[in-house]
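What follows is a single structure, written as C-alpha cells, with notes after it.
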Amino acid sequence: MTESLPTTAVLRVSTGSFEPSRYAEVDALATRQADYLVPAITRLPGLLRWYAAVSPDGSIVNVSTWDTDEHAAQMGHLKEMTVIARGEMEALDVVFKPIVNYPIIWNI
C-alpha cells in the first residue's frame, strides 16, 4: 500500500562520516541533540517525517521528508542545526557531505 504524499514532496538527505572508534561519542551526542533539535524542527512548516541514525561503521544520516523543496530548504537556515548541532558534531571530527534534496517519485 502506498502512503499519500504531496505531489511536490521532497526527501532531504544529510550524511556524514567519522572514525568508527568514536561511535559511542557520536551516537550519544546525536541522541542528546534531539532535546533541542526536535522542538526546533517540528516548528517548521511542511515537515512530514524525520529520521536520524548513527552507524558503528562510522557514518551518520539524517533523512527527512517535506511537502515542498522550499520547506526542505528551511533546514539550511535553522540555527539549531546549522550552527549548534553541526558544530558539536564537527568537534568530534564528523565530516559532512553536501546535503541533497530529492523530489520523491514514488514510495511504499
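Here are the numbers for the structure shown:
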| quantity | calculated |
| --- | --- |
| Positions within the range 22-75 being in contact with a Gly (Cβ under 9 Å, 6 or more places away or on another chain), farther than 18 Å from A9 by Cβ and part of a strand (DSSP E or B), in sequence order | S59, I60, V61 |
| Residues that are surrounded by 12 or more Cβ atoms within 10 Å (Cβ to Cβ) and among the acidic types (D, E), drawn from the range 27-42 | D27 |
| Selection from the range 93-106 of residues that are over 20 Å from V26 (Cα atoms) and surrounded by 15 or more Cβ atoms within 10 Å (Cβ to Cβ) | N101, I104 |
| Residue that is modelled with the lowest pLDDT, among those in the range 1-26 that are surrounded by fewer than 15 Cβ atoms within 10 Å (Cβ to Cβ) and acidic (D, E) | E3 |
| W50 surrounded by 14 or more Cβ atoms within 10 Å (Cβ to Cβ) and either closer than 17 Å to L5 by Cα or free of Cβ contacts under 8 Å to residues at least 12 places away in the same chain (or both) | yes |
| Members of the range 53-92 found to be touching a residue at least 40 places away in the same chain (Cβ under 8 Å) and either among the polar types (S, T, N, Q) or surrounded by fewer than 13 Cβ atoms within 10 Å (Cβ to Cβ) (or both), listed by number | S59, N62, S64, T65, T68 |
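The values are calculated or read from the model by the stated rules, or taken from the named source; none is laboratory data. Nothing here was measured: the structure is a model prediction, and the numbers come from that model. For neighbour counting, all protein chains shown are included, and Cβ atoms are generated from backbone atoms with ideal geometry for every residue, glycine included.
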